[in-house]
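Here is the structure we will look at.
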Amino acid sequence: MTAKTFHVAVVGATGAVGDQMIRCLEERQFPVKALKPLASRRSVGRTIRFKGESLPVQELKEDSFKDVDIALFSAGGGISTRFAPHAAREGCVVIDNSSAWRMDPEVPLVVPEVNPRAVAGYTRKGIIANPNCSTIQMVVALNPIHQRFKIKRVVVTTYQAVSGTGKKAIHELFDQTRAMIHFLDVQKEVYPHRIAFNCLPHIDVFLENGYTKEEMKMVHETHKILEDDTIGVTATTVRVPVFFGHSEAVNVETEEAMAPQDVKSILEKAPGVKVVDDPSQNRYPMPIDAAGQDLTLVGRIRKDESVEHGVNMWVVADNIRKGAATNAVQIAEILMDEYL
Ligand code: NAP
Ligand code: 3JN
């Protein structure tokens, strides 16, 4: 039998996420027959490296998807809204990293460790959505608890790395930090306030209910992925001066009684999770350990003594890898193995 190979396009190939998608395809040996890196007209003339070759970046156009089997999109919601239907019309399956299609009832929203079977729904629109990075790492840790103890309520606060905002924000934190330590004037362009040596309780735009869009994404996406709108979810999302790796303080209340030790042993067996929890040895999850790998690290698992059945935990993952690129490539692997 001939092994299957695929024509793959990456839309946003020059960005923080697109770059990592290409690295993931290579690392995980996804059977790529030909890779098509797409970006804006500004990037024409640039090349990207893939499997030892330099490939020219091409301008994204409506007809870019002829003969493409799978397209990984990460160029923002506007681009996904406009171009994903063109790609799907050509018979290409779109795996979209933006929020454009996530809440469309005809588009599956998939975290492979949690709801892999939802991928089957891709046939309705030819699009599969990748959740927001903060949602992905949270549901990887929550789902095993939900399956065993039925979650009633989740209160989460995030500590999100600047790489979540893209390449310009990575440069902004670097430049501001350098300026500060040399007592120079600090320039700001990406964030409304200085991010170096600061924390901003502001991710994405503010909505009428006083929450940010990032906070409400965590609420709605968690309901859709866990297929349970009855779970109470409330979030505060905060940008912190870290380059890679989002951290989350997650408080979980369940219907059934659970001891922290039960939660720990369930999470030790859960797909995609690594428990790092030995306070006596100062061992707990940190962004410097999560960055550059694909597991969701969980630690500081302890009883919430203020409620009947509750735990607190600390959840950390690489936002660009598991939070975006790796999750998308894992979805492509399910598609390849089971549907294409
Ligand atoms: P980034 O580093 O700023 O990169 C943006 C990418 O989009 C670049 O490749 C850019 O190409 C491309 N692009 C911009 N305008 C375009 C256009 N008109 N036509 C074609 N390509 C265009 O941003 P990023 O961090 O990679 O994020 C990109 C998007 O991914 C975000 O907007 C978001 O929707 C999604 N994302 C999702 C998650 C998640 O939580 N799952 C996390 C981060 C990002 P040029 O270099 O040519 O400008
Ligand atoms: O800020 C972060 O840490 C994650 C950012 C995600 C993001 C950034 C710009 C636009 C998104 C997203 O994935 O929700 C979007 C978007 O597509 O709405």
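Annotations
- Put simply, of Val139, Val114 the only residue that is open to solvent by less than 10 Å² (accessible area, probe 1.4 Å) and either under 17 Å from Leu35 (Cα atoms) or not aromatic (Phe, Trp, Tyr) (or both) is Val139.
- Region 1-34 - residue that is of a type in the set (Gly, Ala, Ser) and not in a helix (DSSP H, G or I) and, of those, modelled with the lowest pLDDT: Ala3
- Residues that are within 12 Å of ligand 1 (Cβ to nearest atom) and either open to solvent by less than 20 Å² (accessible area, probe 1.4 Å) or in contact with a Leu (Cβ under 9 Å, 6 or more places away or on another chain) (or both) within region 85-104 comprise Ile95, Asp96, Asn97, Ser98, Trp101, Arg102, listed in sequence order.
- Identity of the residue in region 113-136, out of contact with any strand residue (DSSP E or B) (no Cβ under 7 Å at 6 or more places or on another chain) and not in a helix (DSSP H, G or I), that ends up nearest to ligand 2 (Cβ to nearest atom): Asn132
- Selection of first residues in region 52-67 that are touching a residue at least 24 places away in the same chain (Cβ under 8 Å) and of second residues that are open to solvent by 50 Å² or more (accessible area, probe 1.4 Å), restricted to Cβ pairs under 6 Å at least 6 apart or on distinct chains, gives the following pairs, ordered by first then second residue: Val57/Arg46; Phe65/Glu90; Lys66/Glu90; Asp67/His7.
- Only residues that are within 16 Å of ligand 1 (Cβ to nearest atom), touching a residue at least 24 places away in the same chain (Cβ under 8 Å) and either open to solvent by less than 30 Å² (accessible area, probe 1.4 Å) or more than 16 Å from the chain's Cα centre (by Cα) (or both) were counted in region 218-233, giving 4.
- Among the candidates Ile320, Ile334, residue that is under 30 Å from Val94 (Cα atoms), among the β-branched types (Val, Ile, Thr), within 16 Å of ligand 1 (Cβ to nearest atom) and in contact (Cβ under 8 Å) with a residue 24 or more places away in the chain: Ile320
- Against the conditions (1) loosely packed, with under 15 Cβ neighbours inside 10 Å; (2) touching a residue at least 40 places away in the same chain (Cβ under 8 Å); (3) touching a His at 6+ places or on another chain (Cβ under 8 Å), Pro287 satisfies every one except (1).
- Enumeration of residues in region 67-78 that are surrounded by fewer than 20 Cβ atoms within 10 Å (Cβ to Cβ) and either at pLDDT 95 or above or within 10 Å of ligand 2 (Cβ to nearest atom) (or both): Gly76, Gly77, Gly78
- Per the conditions (1) of a type outside the set (Ser, Thr, Tyr); (2) over 25 Å from Ala161 (Cβ atoms); (3) modelled with pLDDT of 95 or more, the sole criterion not satisfied by Asn97 is (2).
- Residues satisfying the stated conditions in region 15-42, i.e. more than 16 Å from the chain's Cα centre (by Cα), surrounded by 19 or more Cβ atoms within 10 Å (Cβ to Cβ) and closer than 21 Å to Glu62 by Cβ: Leu35, Lys36, Pro37, Leu38, Ala39
- Filtering region 212-230 to residues that are charged (D, E, K, R) and out of contact with any strand residue (DSSP E or B) (no Cβ under 7 Å at 6 or more places or on another chain) leaves Lys213, Lys217, Glu227, Asp228, Asp229.
- Enumeration of residues in region 298-319 that are closer than 16 Å to Ser134 by Cβ and open to solvent by 10 Å² or more (accessible area, probe 1.4 Å): Trp314
- Among the residues of region 152-190, just one is within 14 Å of ligand 2 (Cβ to nearest atom), without any contact (Cβ under 8 Å) to a residue 24 or more places away in the chain and either surrounded by fewer than 16 Cβ atoms within 10 Å (Cβ to Cβ) or not in a helix (DSSP H, G or I) (or both), namely Lys168.
The values are calculated or read from the model by the stated rules, or taken from the named source; none is laboratory data. Computed from a predicted model, the values in this text were never measured in an experiment. As a convention, Cβ positions derive from the backbone with ideal geometry for all residues, glycine included, and neighbour counts pool all protein chains shown. Ligands, DNA and RNA are excluded from the accessible area calculation, which covers all protein heavy atoms including side chains. Shrake-Rupley method; radii C 1.70, N 1.55, O 1.52, S 1.80 Å.
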